[in-house]
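Report on the following structure.
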Amino acid sequence: MLVRELEHARSPPVTHSIVSAGEPEVNPADSPGEIPVEPDLAEPPGTDPDTRGAEPAPPAPDRTGIAEPSGGLGSWIRNPRLADCSVELAALAAVLLAVLGDSPLWALPPAVAAVGLLGWTWRGALHGHRVSSGGSMVARLLLLTCAYVVAAVHGGLDVTLAVGITLAVLAILGESLVAVLARSAQPVVANLPGAGLRPCLRPNTNRATLVNGFVMVVALGCAFVGDHGVVVIVAAAAGVGLIVFTGVQLLQRALLRRGVESRLPAVVAAYQPVFLLYWQAAAGTEYQIGMWLPYLERLNKRFMVVVRSEHNFTEAVRLTNAPVLLCRGTSQLDAVIVPSLKAAFYVNNAAKNTHSVRYTQLKHIQLNHGDSDKVPSHNPVFRMYDKNFVAGQAAIDRFAANGVQMPAEMFTIVGRPQVENVAIAAQPISSIANPRVLYAPTWAGFHADSNYSSLLVGYDIIKALVARGCSVVFRPHPYSRRSPALSRECDRIRELLAEDRRVNGRPHVFGPDAEVKMSVVDCFNASDVLVSDVSSVVADYLYSEKPFAMVAVSAPASRFPESFPLARASYVIDAYGGQVHGVEPLLDDMLGGDPLAATRRELKRYYLGDIPAEGYAQRFLDEAARYL
């Protein structure tokens, strides 16, 4: 009966376009031509933390590689051109004061400021992230000019210092040539027998930039001290040598790449892949394929992963031992669509998927990367695939309920194989004295109409749970760090849990323990209750049959289930308007009598398929095998 009601429930009218209103906007520089996809899970269920990358997908980093927790300097640093201009202005001021000042000390403060700002923008290198070469080149050349002027005007220019500075300038200018070679040395393939291309990734150009930055600091220091020109020569010679070495590596790599590309079609044909996994997405969203690779590998058929960008190539290589091919252009894609291929699987609705669905000899199957009541889950673009593998009948009805007409034969219910290891509740929640609650809020999205995050009221919710003696597992969406406001709230919640753990000894889990060491399935199985938002995390948790609450931030609690039908099985926390209302009676029900237990069991079949728990993932494997 409830299911019949949900089948006829209609969400408010939505205007459909090629990019749905609820989908985030992706930086065109990262993934040109892509229909953005909703990053819903930090690490999806079923991803093994040891072999599939347990570390959650980071926010798309700024050029420092570090997500800033707050505004102010964080906002400044996320604007690359503004950061570069600030360093350049400080460096230019140092040059002018070195020329016009009566003492070299006049130039010292702006020079130190420029070096400090440059170091701040490069601090991501400590975590293995790339640093800006071209963006900081003018500033570094200006600082070397400052060193030369200080030595020439105020100290009598030492020949060795002049030679050292000249070598340092040449090393920095050489970075431009290295950058050109790097673009020609892009990776092509990894893990493909017979390809003969190792290593599969391009040489590290980061080291040369960092060494040249160090040489610049040495040159400045020696200029102000007025001695040690030999030290500058030695350091600068090392910088030049590293530039030459890197350039030679890149040149060899570029020549090797051309040879591999010429014979790649024959090598792929000899490998005889039966299907391909096609993936194009923004950087840091590798969970989209990470959740499916273990199950595609269990099909025991030869397959390959085809990507369209270098960052996707790097991420895919970390996740699988299957061949990974980078095909930037459609002609490169044409060359690897060999006769042995029977099917292509997709995990999102990237615009470049159209480059692959044009191969009519293949069966095109959309897997998606999570199921929820968000707008992207009924995007009309799903019509372009031969088959849409969905978790349950709810996904099918969602399209019709939102005015997207699709023939029934375009759908196949396969369940959510990623939840096969989610433990089902063993006892009623009322029998657990101090339940453990998983709080897994989503992020704010790119647009106001896709902001379902409860983090701005999360502190009050956690405070109410802790007051009842609950322990908490706190796992926010990793993209929460993109928002200074949400980042601050995450910090507040962690501080609250840390203090309560110290005072009362409750076993709260948060920070890296919850977000890195534990997978999503680990968090599910370690909890008795879930509090979350409109997110595929909720649909997956439904498999456990444990009680859960959804936080209504986009609509009042009374109207929330109209837009998000899964809320019929949820205890809905009303946070519409930015304040939590009536949470205590709701917690009494959720942690006590649990009147929605039967509803959850019914909706579990509706959302996740009426599939026996034993061998749950086999349904997907059987259906996928039909097309291979």
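Below are the figures for this structure:
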| quantity | calculated |
| --- | --- |
| Linear extension gain, LEU126 paired with VAL112, 0.36 nm per residue minus alpha-carbon span | 3.0 nm |
| For the range 608-614, 3J(HN,Hα) per residue [Karplus equation, 6.51 cos²θ - 1.76 cosθ + 1.60, θ = phi - 60°, Hz, x = Gly/Pro] | 10, x, 8, 10, x, 5, 6 |
| Probe 1.4 Å, protein heavy atoms only - accessible area per residue of the range 134-277 in square angstrom | 43 Å² |
| Accessible surface, per residue, of the range 543-628 when the full set of protein chains is kept, probe 1.4 Å, Å² | 41 Å² |
| Charge dipole of the range 250-372 about the Cα centre (unit charges at C-beta), most positive-ward option of ASN312, GLN332, PRO265 | PRO265 |
| Cβ crowding within 10 Å averaged over residues, with 558-569, 423-434 ranked highest first | 558-569, 423-434 |
| Distant-in-sequence amide H partners of VAL572 (H built 1.01 Å from N, under 5 Å) | MET550 |
| Loop sites in the range 302-381: chymotrypsin sites (Phe, Trp or Tyr not before Pro), DSSP, at most 16 other Cβ within 10 Å | TYR359 |
| Accessible area (Å², 1.4 Å probe, nearest 10) - TRP122 | 30 Å² |
| Cut-off under 5 Å, modelled amide H: who pairs with TRP292 long-range | none |
| Exposure of ASP589 as accessible area (Å², to 10), given a probe of 1.4 Å and all protein chains | 70 Å² |
| Dipole moment magnitude, nearest 20 debye, the range 429-553 about Cα centre, only Lys, Arg, Asp, Glu C-beta charged | 320 debye |
| Candidate residues LEU210, LEU251: accessible-area rank, largest first, probe 1.4 Å | LEU251, LEU210 |
| Share of carbon and sulfur in the accessible heavy-atom surface of the range 545-605 [1.4 Å probe, %] | 48 percent |
| Accessible solvent surface per residue of the range 296-448, calculated while the other protein chains remain in place, 1.4 angstrom probe, Å² | 35 Å² |
| Amide H partners (placed H, <5 Å) of ASN388, local residues excluded | GLN366, PHE411, THR412 |
| For the range 550-566, 3J(HN,Hα) per residue [Karplus equation, 6.51 cos²θ - 1.76 cosθ + 1.60, θ = phi - 60°, Hz, x = Gly/Pro] | 10, 9, 8, 10, 9, 7, x, 4, 5, 9, 4, x, 5, 8, 10, x, 4 |
| For the range 372-452, with +1 on Lys and Arg beta carbons and -1 on Asp and Glu, the positive-most of SER431, GLN405, MET384 along the dipole | SER431 |
| Solvent exposure ordering (accessible area, 1.4 Å, most first) of GLU409, GLU584 | GLU409, GLU584 |
| Nearest-10 value in Å² for the accessible area of VAL580, using the 1.4 Å probe | 40 Å² |
| Which of ILE461, ILE413 is most accessible, then next, and so on - probe 1.4 Å | ILE413, ILE461 |
| Exceeding the 26 Å Cα-Cα cut-off - candidates LYS517/LYS604; LYS463/LYS546; LYS517/LYS546; LYS301/LYS387; LYS387/LYS517; LYS301/LYS363 | LYS517/LYS604; LYS387/LYS517 |
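The values are calculated or read from the model by the stated rules, or taken from the named source; none is laboratory data. Just so you know, these numbers come straight off a predicted model, no measurement behind them. Methodologically, a virtual Cβ is constructed for each residue, glycine included, from the backbone with ideal geometry; neighbour enumeration extends over all protein chains shown. We work out accessible area using only protein heavy atoms, side chains counted, and drop any ligands, DNA or RNA first. Shrake-Rupley method; radii C 1.70, N 1.55, O 1.52, S 1.80 Å.
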